[in-house]
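Here's the structure, in C-alpha coordinates; my notes come after.
The values are calculated or read from the model by the stated rules, or taken from the named source; none is laboratory data. Fair warning: this is a prediction, and the values are worked out from it, not measured in the lab. No Cβ is skipped: glycine too gets one built from the backbone with ideal geometry, and neighbour counts run over all protein chains shown. We work out accessible area using only protein heavy atoms, side chains counted, and drop any ligands, DNA or RNA first. Shrake-Rupley method; radii C 1.70, N 1.55, O 1.52, S 1.80 Å.
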Amino acid sequence: MSSPSTSASVPASTPEPEPEPVPVPVLAEVVRSGFVESRHRGSLVIIAADGSVERALGDVTTPVFPRSSNKPMQAAGVLRAGLDLSDERLAIAAASHSGELFHRDLVRRLLSEHGLDAGQLQCPPDLPLDPVEQETYLASGAVRDRVAMNCSGKHTAMLAAAALRGWPLSSYLDPDHPLQKLIHRVVEETSGERVAAVGTDGCGAPLMAITLTGLARAYRSFVLADPDSAERRVADAMRAYPEYVAGTRRPDTFLMRAVPGALSKMGAEGVQAVALADGRALAFKVEDGAGRVLGPVLGRALDLMGVRVRSDALGRSVVLGGGREVGEIRAVF
(Lines give C-alpha, C1' and ligand atoms only; values in the text may rest on other atoms or scores of the structure.)
Protein backbone atom coordinates (compact mmCIF):
# COMPACT_ATOMS: atom_id res chain seq x y z
CA MET A 1 0.00 0.00 0.00
CA SER A 2 1.41 3.36 -0.96
CA SER A 3 2.22 5.89 1.69
CA PRO A 4 0.02 8.99 1.85
CA SER A 5 1.69 11.95 0.25
CA THR A 6 2.86 14.71 2.50
CA SER A 7 3.33 18.37 1.75
CA ALA A 8 4.74 21.21 3.73
CA SER A 9 2.03 23.31 5.33
CA VAL A 10 1.86 26.84 3.94
CA PRO A 11 0.86 29.48 6.46
CA ALA A 12 -2.04 31.64 5.44
CA SER A 13 -0.92 35.02 4.20
CA THR A 14 -1.71 37.89 6.52
CA PRO A 15 -2.65 41.28 5.16
CA GLU A 16 -0.34 44.19 5.78
CA PRO A 17 -1.50 46.14 8.82
CA GLU A 18 -3.15 49.46 8.08
CA PRO A 19 -0.86 52.36 8.95
CA GLU A 20 -1.74 54.10 12.15
CA PRO A 21 -3.52 57.39 11.49
CA VAL A 22 -1.43 60.45 12.25
CA PRO A 23 -2.83 62.25 15.29
CA VAL A 24 -4.20 65.65 14.37
CA PRO A 25 -3.40 68.12 17.16
CA VAL A 26 -5.45 71.03 18.43
CA LEU A 27 -4.09 74.17 16.79
CA ALA A 28 -6.43 76.71 18.35
CA GLU A 29 -9.14 77.05 20.94
CA VAL A 30 -11.96 79.48 21.55
CA VAL A 31 -12.18 80.87 25.06
CA ARG A 32 -15.40 82.53 26.23
CA SER A 33 -15.60 84.08 29.69
CA GLY A 34 -12.56 82.08 30.79
CA PHE A 35 -14.09 78.79 29.57
CA VAL A 36 -12.79 76.83 26.54
CA GLU A 37 -15.90 76.26 24.45
CA SER A 38 -14.39 75.07 21.14
CA ARG A 39 -11.21 73.49 19.83
CA HIS A 40 -9.97 73.38 16.26
CA ARG A 41 -7.61 70.64 15.12
CA GLY A 42 -5.35 70.86 12.12
CA SER A 43 -2.01 70.14 10.49
CA LEU A 44 0.87 72.50 9.84
CA VAL A 45 4.26 72.30 8.19
CA ILE A 46 7.21 74.71 8.30
CA ILE A 47 9.86 74.43 5.59
CA ALA A 48 13.43 75.56 6.23
CA ALA A 49 15.35 77.78 3.82
CA ASP A 50 17.04 74.71 2.30
CA GLY A 51 13.66 73.09 1.53
CA SER A 52 13.72 70.53 4.33
CA VAL A 53 10.85 70.05 6.76
CA GLU A 54 11.75 71.95 9.91
CA ARG A 55 8.56 71.30 11.86
CA ALA A 56 5.45 69.22 11.21
CA LEU A 57 2.30 69.06 13.29
CA GLY A 58 -0.35 66.53 12.37
CA ASP A 59 -0.60 64.97 8.92
CA VAL A 60 1.34 66.99 6.35
CA THR A 61 1.79 64.18 3.80
CA THR A 62 -1.83 63.38 2.92
CA PRO A 63 -3.21 65.44 0.00
CA VAL A 64 -5.64 68.26 0.68
CA PHE A 65 -7.48 70.70 -1.55
CA PRO A 66 -5.57 73.98 -1.08
CA ARG A 67 -8.53 75.91 -2.47
CA SER A 68 -7.55 79.50 -3.26
CA SER A 69 -4.00 78.94 -2.00
CA ASN A 70 -3.53 77.35 -5.45
CA LYS A 71 -4.13 80.69 -7.18
CA PRO A 72 -0.47 81.68 -7.61
CA MET A 73 0.03 78.44 -9.57
CA GLN A 74 -3.03 79.18 -11.69
CA ALA A 75 -1.76 82.70 -12.42
CA ALA A 76 1.63 81.29 -13.41
CA GLY A 77 -0.20 78.98 -15.77
CA VAL A 78 -1.82 81.83 -17.68
CA LEU A 79 1.60 83.52 -18.01
CA ARG A 80 3.11 80.31 -19.33
CA ALA A 81 0.27 80.23 -21.84
CA GLY A 82 1.64 83.52 -23.19
CA LEU A 83 -0.72 86.05 -21.62
CA ASP A 84 1.21 89.23 -20.85
CA LEU A 85 -0.02 90.54 -17.51
CA SER A 86 1.87 92.79 -15.14
CA ASP A 87 1.49 94.81 -11.99
CA GLU A 88 -2.08 95.04 -10.65
CA ARG A 89 -3.44 92.91 -13.46
CA LEU A 90 -1.25 89.97 -12.54
CA ALA A 91 -1.99 90.43 -8.83
CA ILE A 92 -5.73 90.27 -9.40
CA ALA A 93 -5.27 87.18 -11.57
CA ALA A 94 -4.00 85.47 -8.38
CA ALA A 95 -6.60 87.08 -6.14
CA SER A 96 -9.44 86.23 -3.84
CA HIS A 97 -10.34 89.87 -3.97
CA SER A 98 -12.74 91.61 -1.59
CA GLY A 99 -15.00 92.94 -4.33
CA GLU A 100 -14.14 96.55 -3.56
CA LEU A 101 -14.81 99.11 -6.27
CA PHE A 102 -11.18 99.20 -7.44
CA HIS A 103 -11.25 95.39 -7.81
CA ARG A 104 -14.44 95.44 -9.85
CA ASP A 105 -13.20 98.29 -12.02
CA LEU A 106 -9.95 96.49 -12.83
CA VAL A 107 -11.72 93.25 -13.73
CA ARG A 108 -13.99 95.16 -16.12
CA ARG A 109 -10.97 96.87 -17.68
CA LEU A 110 -9.23 93.53 -18.14
CA LEU A 111 -12.28 92.07 -19.83
CA SER A 112 -12.50 95.04 -22.19
CA GLU A 113 -8.77 95.03 -22.97
CA HIS A 114 -8.99 91.43 -24.16
CA GLY A 115 -12.25 91.77 -26.10
CA LEU A 116 -14.26 89.88 -23.50
CA ASP A 117 -17.39 90.63 -21.51
CA ALA A 118 -18.67 89.62 -18.08
CA GLY A 119 -21.22 87.26 -19.61
CA GLN A 120 -18.38 84.93 -20.63
CA LEU A 121 -17.18 84.51 -17.04
CA GLN A 122 -18.20 81.13 -15.62
CA CYS A 123 -17.66 81.98 -11.96
CA PRO A 124 -21.02 82.27 -10.14
CA PRO A 125 -22.64 85.66 -9.48
CA ASP A 126 -21.84 86.75 -5.95
CA LEU A 127 -21.66 89.64 -3.51
CA PRO A 128 -18.38 91.28 -2.48
CA LEU A 129 -16.39 89.11 -0.07
CA ASP A 130 -15.57 91.97 2.30
CA PRO A 131 -18.46 92.55 4.78
CA VAL A 132 -18.02 96.33 4.85
CA GLU A 133 -17.96 96.54 1.05
CA GLN A 134 -20.92 94.18 0.87
CA GLU A 135 -23.06 96.57 2.92
CA THR A 136 -22.12 99.51 0.70
CA TYR A 137 -22.73 97.43 -2.42
CA LEU A 138 -26.20 96.32 -1.34
CA ALA A 139 -27.14 99.80 -0.13
CA SER A 140 -26.44 101.08 -3.66
CA GLY A 141 -29.05 98.70 -5.03
CA ALA A 142 -26.53 96.36 -6.68
CA VAL A 143 -27.19 92.63 -6.92
CA ARG A 144 -25.06 89.50 -7.14
CA ASP A 145 -22.70 89.78 -10.08
CA ARG A 146 -19.93 87.67 -11.61
CA VAL A 147 -17.48 90.58 -11.54
CA ALA A 148 -18.04 91.04 -7.78
CA MET A 149 -17.23 87.37 -7.16
CA ASN A 150 -13.81 87.05 -5.47
CA CYS A 151 -12.39 84.82 -8.21
CA SER A 152 -13.40 87.04 -11.15
CA GLY A 153 -9.83 88.22 -11.74
CA LYS A 154 -8.61 84.64 -12.09
CA HIS A 155 -11.45 83.74 -14.44
CA THR A 156 -10.83 86.82 -16.57
CA ALA A 157 -7.13 85.90 -16.89
CA MET A 158 -8.03 82.32 -17.82
CA LEU A 159 -10.45 83.51 -20.49
CA ALA A 160 -7.92 85.98 -21.85
CA ALA A 161 -5.20 83.30 -22.04
CA ALA A 162 -7.55 80.95 -23.87
CA ALA A 163 -8.56 83.69 -26.30
CA LEU A 164 -4.92 84.55 -26.98
CA ARG A 165 -4.06 80.95 -27.83
CA GLY A 166 -7.21 80.31 -29.83
CA TRP A 167 -8.36 77.72 -27.34
CA PRO A 168 -12.09 77.18 -26.70
CA LEU A 169 -13.63 79.81 -24.42
CA SER A 170 -16.83 78.01 -23.49
CA SER A 171 -14.92 75.08 -21.94
CA TYR A 172 -12.06 76.98 -20.26
CA LEU A 173 -12.92 75.34 -16.91
CA ASP A 174 -12.83 71.77 -18.24
CA PRO A 175 -9.95 69.84 -16.62
CA ASP A 176 -9.01 68.59 -20.10
CA HIS A 177 -8.82 72.11 -21.54
CA PRO A 178 -5.26 72.96 -22.70
CA LEU A 179 -5.01 75.80 -20.18
CA GLN A 180 -6.07 73.62 -17.26
CA LYS A 181 -3.61 70.93 -18.31
CA LEU A 182 -0.90 73.59 -18.30
CA ILE A 183 -1.92 74.74 -14.80
CA HIS A 184 -1.89 71.09 -13.71
CA ARG A 185 1.78 70.89 -14.78
CA VAL A 186 2.63 74.09 -12.92
CA VAL A 187 1.14 72.68 -9.70
CA GLU A 188 3.14 69.48 -10.04
CA GLU A 189 6.40 71.17 -10.99
CA THR A 190 6.35 73.78 -8.24
CA SER A 191 5.15 71.43 -5.47
CA GLY A 192 7.40 68.56 -6.51
CA GLU A 193 4.44 66.18 -6.30
CA ARG A 194 1.92 64.47 -8.53
CA VAL A 195 -1.57 65.90 -8.25
CA ALA A 196 -3.49 63.36 -6.18
CA ALA A 197 -7.01 64.36 -7.18
CA VAL A 198 -8.82 66.93 -9.29
CA GLY A 199 -12.04 68.44 -7.97
CA THR A 200 -14.16 71.50 -8.62
CA ASP A 201 -13.51 74.65 -6.61
CA GLY A 202 -16.27 76.93 -5.34
CA CYS A 203 -15.80 79.21 -8.35
CA GLY A 204 -16.10 76.27 -10.77
CA ALA A 205 -12.41 76.03 -11.72
CA PRO A 206 -10.50 72.73 -11.52
CA LEU A 207 -8.91 72.22 -8.10
CA MET A 208 -5.72 70.17 -7.72
CA ALA A 209 -4.95 68.29 -4.50
CA ILE A 210 -1.42 68.21 -3.09
CA THR A 211 0.01 67.78 0.39
CA LEU A 212 0.64 70.63 2.81
CA THR A 213 4.35 69.94 2.42
CA GLY A 214 4.00 70.25 -1.35
CA LEU A 215 2.01 73.47 -0.97
CA ALA A 216 4.68 75.06 1.22
CA ARG A 217 7.40 73.99 -1.22
CA ALA A 218 5.43 75.45 -4.12
CA TYR A 219 5.35 78.85 -2.40
CA ARG A 220 9.05 78.52 -1.66
CA SER A 221 9.69 77.89 -5.35
CA PHE A 222 7.80 81.06 -6.30
CA VAL A 223 9.88 83.40 -4.15
CA LEU A 224 13.18 81.74 -5.15
CA ALA A 225 12.42 81.44 -8.86
CA ASP A 226 14.41 83.22 -11.57
CA PRO A 227 13.23 86.85 -11.86
CA ASP A 228 12.11 86.33 -15.47
CA SER A 229 10.10 83.16 -14.73
CA ALA A 230 6.32 83.08 -14.60
CA GLU A 231 6.44 82.00 -10.97
CA ARG A 232 8.65 84.87 -9.83
CA ARG A 233 6.63 87.39 -11.82
CA VAL A 234 3.48 86.23 -10.01
CA ALA A 235 5.18 86.41 -6.62
CA ASP A 236 6.56 89.88 -7.31
CA ALA A 237 3.19 91.22 -8.49
CA MET A 238 1.37 89.80 -5.47
CA ARG A 239 3.91 91.29 -3.08
CA ALA A 240 3.90 94.68 -4.81
CA TYR A 241 0.11 94.95 -5.02
CA PRO A 242 -1.32 92.94 -2.10
CA GLU A 243 -4.50 95.05 -1.98
CA TYR A 244 -5.39 93.57 -5.36
CA VAL A 245 -4.68 90.02 -4.12
CA ALA A 246 -7.00 90.46 -1.14
CA GLY A 247 -8.32 93.89 -0.13
CA THR A 248 -7.85 96.91 2.09
CA ARG A 249 -9.03 95.05 5.20
CA ARG A 250 -7.57 91.58 4.71
CA PRO A 251 -4.81 89.66 6.56
CA ASP A 252 -2.96 88.60 3.38
CA THR A 253 -2.61 92.28 2.49
CA PHE A 254 -1.45 93.25 5.98
CA LEU A 255 1.12 90.44 6.13
CA MET A 256 2.64 91.20 2.73
CA ARG A 257 2.86 94.87 3.68
CA ALA A 258 4.31 94.19 7.14
CA VAL A 259 6.91 91.56 6.19
CA PRO A 260 9.07 92.59 3.21
CA GLY A 261 9.30 89.78 0.67
CA ALA A 262 6.50 87.68 2.17
CA LEU A 263 4.12 85.90 -0.21
CA SER A 264 0.80 85.04 1.44
CA LYS A 265 -2.46 83.52 0.22
CA MET A 266 -5.33 82.06 2.16
CA GLY A 267 -7.75 79.44 0.89
CA ALA A 268 -11.23 78.39 1.87
CA GLU A 269 -11.79 75.61 4.41
CA GLY A 270 -9.05 76.82 6.72
CA VAL A 271 -6.01 76.76 4.41
CA GLN A 272 -3.10 79.20 4.48
CA ALA A 273 0.28 79.26 2.74
CA VAL A 274 3.14 81.73 3.19
CA ALA A 275 6.70 81.96 1.89
CA LEU A 276 9.39 84.34 3.09
CA ALA A 277 12.01 85.98 0.92
CA ASP A 278 14.76 83.62 2.15
CA GLY A 279 12.84 80.52 1.04
CA ARG A 280 11.34 79.52 4.36
CA ALA A 281 7.68 78.65 4.04
CA LEU A 282 4.66 77.32 5.88
CA ALA A 283 1.30 75.81 5.07
CA PHE A 284 -1.54 74.64 7.26
CA LYS A 285 -5.11 73.44 7.14
CA VAL A 286 -7.67 73.62 9.92
CA GLU A 287 -9.38 70.23 9.88
CA ASP A 288 -12.94 71.49 10.30
CA GLY A 289 -12.42 74.30 7.78
CA ALA A 290 -12.95 77.10 10.32
CA GLY A 291 -11.62 80.34 8.92
CA ARG A 292 -11.94 82.16 12.23
CA VAL A 293 -8.71 80.63 13.54
CA LEU A 294 -6.50 81.46 10.54
CA GLY A 295 -5.12 84.64 12.12
CA PRO A 296 -4.08 83.18 15.49
CA VAL A 297 -2.63 80.03 13.91
CA LEU A 298 -0.75 82.03 11.28
CA GLY A 299 0.57 84.43 13.91
CA ARG A 300 1.88 81.58 16.05
CA ALA A 301 3.47 79.80 13.07
CA LEU A 302 5.26 82.98 12.05
CA ASP A 303 6.36 83.47 15.63
CA LEU A 304 7.97 80.01 15.55
CA MET A 305 9.84 81.19 12.44
CA GLY A 306 11.07 84.29 14.26
CA VAL A 307 8.75 86.65 12.38
CA ARG A 308 6.83 89.09 14.57
CA VAL A 309 3.58 90.53 13.24
CA ARG A 310 0.96 92.46 15.19
CA SER A 311 -1.79 90.01 16.10
CA ASP A 312 -4.53 92.44 15.13
CA ALA A 313 -3.03 92.68 11.62
CA LEU A 314 -3.94 89.04 10.98
CA GLY A 315 -7.64 89.37 11.77
CA ARG A 316 -9.78 89.88 14.84
CA SER A 317 -9.35 87.08 17.36
CA VAL A 318 -11.70 88.38 20.04
CA VAL A 319 -14.85 86.65 21.23
CA LEU A 320 -17.82 88.94 21.75
CA GLY A 321 -20.72 88.73 24.14
CA GLY A 322 -23.40 91.37 24.11
CA GLY A 323 -21.23 93.46 21.81
CA ARG A 324 -18.25 93.53 24.13
CA GLU A 325 -15.07 91.49 24.32
CA VAL A 326 -15.46 88.44 26.59
CA GLY A 327 -12.76 86.10 25.31
CA GLU A 328 -10.32 85.21 22.56
CA ILE A 329 -9.37 82.74 19.87
CA ARG A 330 -5.84 81.60 20.59
CA ALA A 331 -3.26 79.25 19.11
CA VAL A 332 -2.17 76.45 21.45
CA PHE A 333 0.87 74.85 19.77
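Which of the following residues is open to solvent by less than 20 Å² (accessible area, probe 1.4 Å), closer than 20 Å to GLU54 by Cβ, among the hydrophobic types (A, V, I, L, M, F, W, C) and in contact (Cβ under 8 Å) with a residue 24 or more places away in the chain: VAL245, VAL234, VAL297?
Going through VAL245, VAL234, VAL297 in turn, just one is open to solvent by less than 20 Å² (accessible area, probe 1.4 Å), closer than 20 Å to GLU54 by Cβ, among the hydrophobic types (A, V, I, L, M, F, W, C) and in contact (Cβ under 8 Å) with a residue 24 or more places away in the chain: VAL297.
Among the helices (runs of 4 or more DSSP H) lying completely within segment 51-167, list those that include at least 2 residues that are at pLDDT 95 or above and farther than 30 Å from ALA216 by Cβ.
101-113, 131-139, 152-165
Of the numbered conditions (1) under 17 Å from the mean Cα position of the chain (by Cα); (2) touching a residue at least 40 places away in the same chain (Cβ under 8 Å); (3) more than 20 Å from ALA91 (Cα to Cα), THR200 fails exactly one; give the number of that condition.
(2)
Can you tell me which residue is nearest to VAL22 (Cα to Cα) among those in segment 59-82 that are more than 19 Å from the chain's Cα centre (by Cα) and open to solvent by 10 Å² or more (accessible area, probe 1.4 Å)?
Looking at residues that are more than 19 Å from the chain's Cα centre (by Cα) and open to solvent by 10 Å² or more (accessible area, probe 1.4 Å), I get ARG80.
Read through the list (1) in a loop (DSSP other than H, G, I, E, B); (2) of a type in the set (Gly, Ala, Ser); (3) in contact with a Lys or Arg (Cβ under 8 Å, 6 or more places away or on another chain); (4) within 25 Å of PRO128 (Cα to Cα), then give the number of the only condition that ALA273 fails.
(1)
I need the full set of residues from segment 237-267 which are part of a strand (DSSP E or B), within 17 Å of LEU90 (Cβ to Cβ) and of a type outside the set (D, E, K, R), in order please.
Of the residues in segment 237-267, the ones part of a strand (DSSP E or B) are 263-267.
So of that shortlist, the ones also within 17 Å of LEU90 (Cβ to Cβ) come out as 263-265.
Once the filter is applied, which keeps residues that are part of a strand (DSSP E or B), within 17 Å of LEU90 (Cβ to Cβ) and of a type outside the set (D, E, K, R), segment 237-267 yields LEU263, SER264.
Has segment 207-227 got at least one residue that is among the charged types (D, E, K, R), touching a Gly at 6+ places or on another chain (Cβ under 6 Å) and either buried (at least 24 other Cβ atoms within 10 Å of the Cβ) or not in a loop (DSSP other than H, G, I, E, B) (or both)?
Scanning segment 207-227 turns up at least one residue that is among the charged types (D, E, K, R), touching a Gly at 6+ places or on another chain (Cβ under 6 Å) and either buried (at least 24 other Cβ atoms within 10 Å of the Cβ) or not in a loop (DSSP other than H, G, I, E, B) (or both).
Scan (1) farther than 14 Å from LEU164 by Cβ; (2) surrounded by 22 or more Cβ atoms within 10 Å (Cβ to Cβ) for the single condition ALA93 breaks and write down its number.
(1)
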